[in-house]
Structures are given as C-alpha cells and as structure tokens.
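The structure appears right after this line, and notes come after that.
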Amino acid sequence: MNQKIAVQIDDLTVAYNYKPVLWDIDLTVPEGVLMAIVGPNGAGKSTLIKAILGIIKPIAGSISIYGKPYTKQRKLVAYVPQKGSVDWDFPTTALDVVMMGTYGSLGWIKRPGEKEKKIALESMEKVGMLPYKNRQISQLSGGQQQRVFLARALVQDASIYFMDEPFQGVDATTEIAIINILKELRKAGKTVIVVHHDLQTVPEYFDWVTFLNVKKIATGPVKDIFNDDNLTKTYGINYKVAVNK
Amino acid sequence: MNIQEYFELVWTDYTLRTITLGTAVLGAICGMLGSFAVLRKESLLGDAISHAALPGIAIAFLITGAKDSGTLLLGALVSGLIGTFWIRGITSKTHLKSDTALGIILSVFFGFGMLLLTFIQKQPNANQAGLDKYLFGQAATLVESDVNLMIIVTGISLFVMLLFWKEFKILLFDADYTKTLGFNTKFIDVLITFLIVLAIVLGLQTVGVVLMSAILLAPAAAARQWTNSLGTMVVLAGIIGAFSGVFGTAISASQNNLSTGPVIVLVAGAFVLFSFIFSPKRGILFREIRFRKNRTDLKLMKTLQFMYGVVQDHENISHPHAIRILNNFQGYTRGSLKKLENEGWIAVEGQQWAMTPKGYKRAQEMYNKKAENE
Ligand SMILES: Nc1ncnc2c1ncn2[C@@H]1O[C@H](COP(=O)(O)OP(=O)(O)OP(=O)(O)O)[C@@H](O)[C@H]1O
Ligand SMILES: [Mg+2]
C-alpha cells in the first residue's frame, strides 16, 4: 500500500500514577481511514487520544502526526472529547461552543468575528443543530450536546479527527446522521479515529480497527482482523460477534 | 445618622466617600473575578487564599516594621500566591483531592499567621496595633491611597480580563480542548488565579481574612441565577458586588458600631437568597409555579384527549354527552371542566358537555404532534 501515514506512535507508555495505563504501544494509522478504537472500560482508549493530543504527557515513546510532533501540526488535528468531560451548565449557548472551534486558528487575543460565526453556523447546519444555535447548552439533550461537540470539531477543518465516543447516548437517527458525516469526512480524504463501544456496528461503520487493552492487541483493516480471536484477547471472554453468527 | 442622612452625607463627607468608594470598587472586582472561581468550581480556593495571606502580612510587618497597607498587602500577595501554587502542586503531584490540599494549606498558613500575630502582639513595640484588623477587616481604616490602589488594580484586572476574555472563557469551559488548540493553558490558568489572588488581597483590609471568600462568591452565585451568558454574569456579579459594598457601608455607618465587613457579606448574602428564590429561570419560586402550571395544563389536556376519544365515535362532534361518563377518568375534576369551558373548548349544559369545533381542533393538533414525536 502506498499510503501516507497520518499518525505514527512508537513505544508509547503512559501512567497516571505508577501503574501504566498504556504499555509500550506501537501504532501506525494510514491516511484516509475511518478507524475504531475498541476495548473494555478502562482500557486506556481516552488516554491514548489524550496522549496523542498532548493533553497528557507520556512517560516514554514518541508520537508523530504526518511525520512531525503534534505541537507543529495542531492545525491538522481536531478533537471531540467525551461528552461527560465538561460542565454543561456553563453559561453559554450552543453557537458559542461551536465557535470555540475557531479559537485555534484565531490565536491569542483576537476575537471571533462575522467570518468565524459564518463557519460555525455552516457546521451547525451540517449536524442539524442550526435550530438550536441560541439554546443555553444545559437545555440540550445528550445527543444534541454530542452534535454540538461534533460541529465544534468540524469548524476546525482538520485533516485528522479524534473522537471520543461520539455515539454515546445518542438515538438511532442521530447515530446514522453522525456516521454519515464521518463517512463524508473519509470520502474527503480525512482520517477519522473514533473510540467506539458498540462492537456490532464496527464492520458496518469502520474500515480500520485497533484493539486496545493497556497493550495494543491488534490494528489493521476490519475485514482482516476483526475476528473472535482478537475480540477474545481484548475483552478476555469468548466474544461471539454478530457478523460471525 | 440614618440611611437617608448617609446618602446625603456621602457626597460631601470625605471619609464616608472614601470608604464607600473603596467598598464599591472592591465589591465590583471581587464579584467579577469571583464568577471565574464559581464557574471553575473552586469556591473553596478563595477561602484558602485569603487565609494563606495572613502570614504574609505578619512577616511583612516583622521585616519592614511598616504599617502602611501597601507594604502589608504586598506581603499578603506573596504568601497568598505561595499558598495557591502549593495547593496546585499538592493536587497535581500527590493522590490527594483538591479539597484536602485546600484544607491543609488553609489551616497550616492560617495557623502560622495567627502564631506570628500573637508573637507580634507580645512585642514591646507599640507600633503593632492594628494588624488584627486584617482578621475581620475594618473599612473605617481605608484612606484615599488605599482606594486609589484598589482602583488601579481593578483597572488593570479589567483590562487583562477583556484582553484574554476568549481564552478565559474556553479554559473555564473545556480546558483539555483548549490545550489541543495550542493555547498555553498553564499560562491562562495562572493568569486567572493571579487575578483572583489580587482581588482577595485587595479586600483583606476591608473585609478581613475570615469573610473574604464570601465577597468573592456571593455576588457571582447570585448573578448566575439570572443569566445564561458568561459576559452578563460577570457584569452582573460586579454590579451586585458594588451594591453590596455601598449598602453594607451605608447600613454599618448608619447603625453605629456595626462592623462593615460582615454587613457587606450579609447584604451580598441577601442578594443570593433573593436570587435563589426569585430568579425567573433558575429560582425556586418560578420553578414551583412552572411545575404546578405544567401539571394543571397537562391534566387539562389529558381530559380533552379523553373527550376527543369519546366524540370521535360520533358523526356530530358537538353531540352532547353526560358528564357522568367522565367519572371513570382520573384527570377529571369539576374545576378542569370549568377551565376547558373557559378556553372555549367545550360547552357545558346541565349535566351534559359537548365539544366545540375549536376544542376538537386543539385536541387533533395535540394528537398529531404526539404522533410526530414518536
Ligand atoms: N485523571 C486520571 N487519574 C488517574 N487515573 C486515571 C485518570 N484518568 C483515567 N485513569 C485511569 O486510567 C485507565 C484508563 O482510563 P481511560 O479513561 O483511558 O479508559 P477508557 O478506555 O477511555 O475507558 P472508558 O471506556 O470507560 O471511557 C483507567 O484505569 C482509569 O482509572
Ligand atoms: Mg474513555
């Protein structure tokens, strides 16, 4: 395969205290894939993303985005955090949160203006949140909050998207809407990396998968490696997947 | 002097004017910066910082022998900052929770400060009188230079706040995300914390170590009830803080010998109480009213739905039916029947009711809406 490498991770080890949460991870993500990261609760999926994005400092290892360290490539990367990571009672509106996606390219001190607002509104339109733009964020449903976060990341117009459980707590309609947006991103040549819990939908939604449980169990195309063997190694129980039935 | 005399005197009496201006400015800056503390869920931090400032005052006095508030507050600032960054250090480097770290720093610094104060009081040097005013505050000791200092610091804080508004907002909402965008979150964090420490130190002379955090938190907590916009909240907290300062001073000046700091805190507390009860969006009162109204509305609609079901079996929707058949239906009362009639949805005659076309349409709309949501 003559594909460019979007994300390259070598020997990554992360620990919050003394116990390692990620152990000696090597991972190569080719450009243009829609990749799921799967693994049980506490496997270190969120931590892996946070380490790649420089939110957490690893103990050891190196991470590069298109061959350069993250600090040099920020503009190429967008992040959708786990929804529960912020206080939704914060006094602000949905539009305002989406606008935050423009802050990175604005840099210090400069305020967002009409141009930024326009970009934010377009992106809210894409996720179907335009009617809620002036809603106080605490008055949005969980799925709507999730879509606000997605819109905020779309605003960044990045090459690589990291999403931490974007399907958490959304209904079937929203899930389809979101996956269609992700597939569109892939079609546009973007790389999308998604922490995902619903194993049933992995073959349908994704073309690439990484099994993670403190260590990296396997990574590669879904059709090659999404099998009982790897699922059992990751989840520790004999996992019968719907596809194999 | 009564309150009215106070408000006449405040324009002409130099001392009164100075004190009032001082407490107003202090209330404003504390209210505004307190909003950040409240939104970061760091309410206890204010308490820890103000207590941590005490040893600094004592040490500044011991080293310089000076009694002027500028020097002493500089000492307070230094030890307040040391306390704050130790709290940060303890939380990030150990397994301790932040409230534990706050508690430790608060009590250790305060204990040390008290120790130094008693030590100073035992000194033969008569110069020491007045240091204990920093414990409970004494607005009466404010002089023009103190107030000028407050105004300058407030001006600088305001300027910094406006300059970094966008950065403050995003950090308060989502710190991790801010970091991924390339902002130096440590710097923003230190800046916010530094401003909060400044505001607290500024208020020590007026309100004192013990009550300082109330001035920081109360206006912000009150303001939060009235708005869902960060900007409005900060401005409103500033206004409430300033009002608390002025009214507190007015009350204490007109009721001889009432200590100003506690009165200001009580006024601010009254604002909080009022806001918690009466604010239209989040207040207890309106929530209860809304709840009751929703409940009656819902009952009414349920009754209408039931009637809709009944009349649907008839060709003429306005065909009268016996009120008796409603008896099996839970939501029905004589009162609700009256209300339905007032809305013009049904007509009641003797022991019979009939649905009006208007009522039929209303019920139909509701029915379709329900289907749409499902
Ligand atoms: N801030 C933290 N401090 C200490 N330990 C942490 C912290 N965050 C996570 N951990 C620990 O690190 C491990 C991995 O956490 P992580 O959040 O990465 O898991 P995850 O795979 O995302 O789980 P989930 O599916 O529940 O989201 C867990 O054991 C967790 O307890
Ligand atoms: Mg997680």
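When the accessible areas of A alone and B alone are added and the area of the pair subtracted, with a 1.4 Å probe, the result is around 2900 Å², both sides summed.
Checking the Cα-Cα distances for B:93/B:166; B:299/B:361; A:118/B:166; A:110/B:169; A:57/A:110; A:75/A:110 against a 20 Å cut-off, the pairs over it are B:93/B:166; A:57/A:110. Taken about its Cα centre, region A:36-173 carries a charge dipole of about 520 debye when Lys and Arg each add +1 at the Cβ and Asp and Glu each add -1 at the Cβ. For region B:1-142, the per residue solvent-accessible surface stands at 47 Å², with DNA, RNA and ligands left out and a 1.4 Å probe. Based on DSSP H segments of at least four residues, each scored -39500 (n - 2.57), chain B has a per-residue ellipticity at 222 nm of -25000 deg cm²/dmol.
Between A:102, A:201, A:219, the residue with the greatest mean-square fluctuation in the GNM of chain A (Cα pairs under 10 Å linked by springs) is A:201.
Model label points for residue B:315 and residue A:139, set 7 angstrom from Cα along the Cα-to-Cβ axis, are 4.8 nm apart. Once you sort the root eigenvalues of the Cα gyration tensor of the protein assembly as shown as a ≥ b ≥ c, which label holds: rounded (a/c under 1.5), prolate (a/b larger than b/c) or oblate (the other case)? Oblate, because a/c is 1.5 or more while a/b does not exceed b/c. Excluding same-chain neighbours fewer than eight residues apart, the aspartates and glutamates reachable from residue A:133 by a Cα-Cα span under 12 Å are A:96, A:122, A:125.
Computed with a 1.4 Å probe on the full set of protein chains, the accessible area for residue A:125 sits at about 120 Å². Compute the Cα gyration tensor for chain A, then decide on rounded, prolate or oblate, letting a ≥ b ≥ c be the square roots of its eigenvalues: rounded whenever a/c is under 1.5, prolate when a/b is larger than b/c in the other cases, and oblate in all that remain. Cα axes put chain A in the prolate bin.
Within 10 Å of each candidate Cβ there may be at most 14 other Cβ atoms; applying that plus a DSSP loop requirement, which chymotrypsin sites (Phe, Trp or Tyr not before Pro) in region A:49-122 survive? Listed in order of number, the matching sites are A:108. Residues B:345, B:353 ordered from highest to lowest accessible area at a 1.4 Å probe: B:345, B:353.
Computed over region B:227-374, the alpha-carbon pair-distance distribution with 10 angstrom bins reads 10, 26, 17, 12, 13, 13, 8, 1, 0, each value a whole percent. Straight-line cross-link reach from residue A:72 at under 17 Å between alpha-carbon atoms covers these aspartates and glutamates, not counting any fewer than eight positions away in the same chain: A:157. Rounded to the nearest 20, the size of the Cβ-charge dipole of region B:292-373 about its Cα centre is 500 debye, with Lys and Arg at +1 and Asp and Glu at -1. Among residues other than residue B:231 whose Cβ falls under 15 Å from its Cβ, what is the net charge (Lys/Arg +1, Asp/Glu -1)? Spelling it out: positives minus negatives among the neighbours equals +2.
Straight-distance candidates among the aspartates and glutamates for linking to residue A:223, with alpha-carbon spacing under 16 Å and chain neighbours fewer than 8 residues away dropped: A:204, A:207. Think of region B:3-282 as having a plus end and a minus end, set by charges on the Cβ of Lys, Arg, Asp and Glu; of B:207, B:172, B:246, B:172 sits farthest toward the positive end of this dipole. When A:187, A:19 are compared by accessible surface with a 1.4 Å probe, the order from highest to lowest is A:187, A:19.
Share of carbon and sulfur in the accessible area of the protein assembly as shown stands at 59%, probe radius 1.4 Å.
What shape does region B:181-275 take by its C-alpha gyration tensor, where a ≥ b ≥ c are the square roots of the eigenvalues and a/c under 1.5 counts as rounded, a/b above b/c as prolate, and the rest as oblate? Cα axes put region B:181-275 in the oblate bin. Normalising the average separation of contacting C-alpha pairs (under 8 angstrom, six or more residues apart) by the number of residues puts the relative contact order of chain B at 22 percent. The GNM of chain A, with springs linking C-alpha atoms under 10 angstrom apart, assigns the highest mean-square fluctuation among A:175, A:165, A:114 to A:114. Using C-alpha pairs below 8 Å separated by at least 6 residues, the relative contact order for region B:292-373 is 34 percent. In order along region B:339-352, the phi-based Karplus estimate (6.51 cos²θ - 1.76 cosθ + 1.60, θ = phi - 60°) of 3J(HN,Hα) comes to 5, 4, 5, 4, 6, x, 8, 9, 10, 10, 9, x, 9, 10 Hz; Gly and Pro are listed as x. Between A:130, A:106, A:185, the GNM of chain A built on Cα springs shorter than 10 angstrom shows A:106 fluctuating the most. Entry note, region A:46-117: relative contact order of 17 percent, from Cα contacts under 8 Å with a spacing of 6+ residues. Under a model in which nothing but the beta-carbon of Lys, Arg (+1) and Asp, Glu (-1) is charged, chain B shows a dipole of about 1100 debye around its Cα centre. Applying the criteria of a DSSP loop state and at most 15 other Cβ atoms within 10 Å to the trypsin sites (Lys or Arg not before Pro) of region A:1-103 yields A:4. Across the options B:153, B:195, A:144, the greatest Cα extent toward the positive end of the charge dipole of the protein assembly as shown (unit charges at beta carbon of Lys, Arg, Asp, Glu) belongs to A:144.
The values are calculated or read from the model by the stated rules, or taken from the named source; none is laboratory data. Everything numeric here is computed off the predicted structure, so don't read it as measured data. Glycine also receives a Cβ, built like all others from the backbone with ideal geometry; neighbour counts cover every protein chain displayed. For the accessible areas, the whole protein counts, side chains as well, though only heavy atoms, and no ligand, DNA or RNA atoms are used. Shrake-Rupley method; radii C 1.70, N 1.55, O 1.52, S 1.80 Å.
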